[in-house]
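To keep things clear, I will list the structure first and then write my remarks on it.
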Amino acid sequence: MQTIESHISRIQTKLQDLLKKHAILTKQSEQQKELITKLQAEQEAKEKKIRLLEEQQYILKSAAGNLNNTDKKAFEQTISKYIREIDKCIALLSE
């Protein structure tokens with residue numbers, strides 16, 4: 001009878017340890033998810049800033065007349081994209 005009780009006692013102890021470990025791992029997992037979300041938001045903000053700085057660079061080069069052919073094509077594509085977006089907005093507003 002003593003062996004059964006000792007087995008049950010050991011199983012309960014192990015179960016409690018596992019539950020504690022599970023709680024710790026769950027907490028760590030949540031912290032990691034929050035960190036990932038934060039880092040993704042920071043990355044998106046930095047990518048947006050990079051795009052803005054690149055556009056400003058094209059504008060400055062264009063104003064100074066220092067665009068090479070590849071920069072000029074990229075700048076024209078950016079301007080065309082903005083014009084298409086503006087045209088879509090105008091079309092939506094006129095409906």
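What to note about this one:
- Cβ-Cβ contacts under 8 Å between residues 6 or more apart (or on different chains), taken from a first residue in segment 57-69 that is within 14 Å of residue 79 (Cβ to Cβ) and surrounded by 12 or more Cβ atoms within 10 Å (Cβ to Cβ) to a second residue that is of a type outside the set (Lys, Arg) and modelled with pLDDT under 75, are listed as 58/67; 61/67.
- Conditions (1) under 29 Å from residue 75 (Cβ atoms); (2) at pLDDT 95 or above; number of the one not met by residue 54: (2)
- The selection criterion, being in a helix (DSSP H, G or I) and in contact with a Ser or Thr (Cβ under 9 Å, 6 or more places away or on another chain), holds for residue 72.
- Considering residues of segment 70-95 that are surrounded by fewer than 10 Cβ atoms within 10 Å (Cβ to Cβ) and among the hydroxyl-bearing types (Ser, Thr, Tyr) only, the residue modelled with the lowest pLDDT: 70
The values are calculated or read from the model by the stated rules, or taken from the named source; none is laboratory data. Keep in mind that what you see is a predicted model, and the values were worked out from it rather than measured. Cβ: placed from backbone, ideal geometry, glycine included. Neighbour counts: every protein chain shown.
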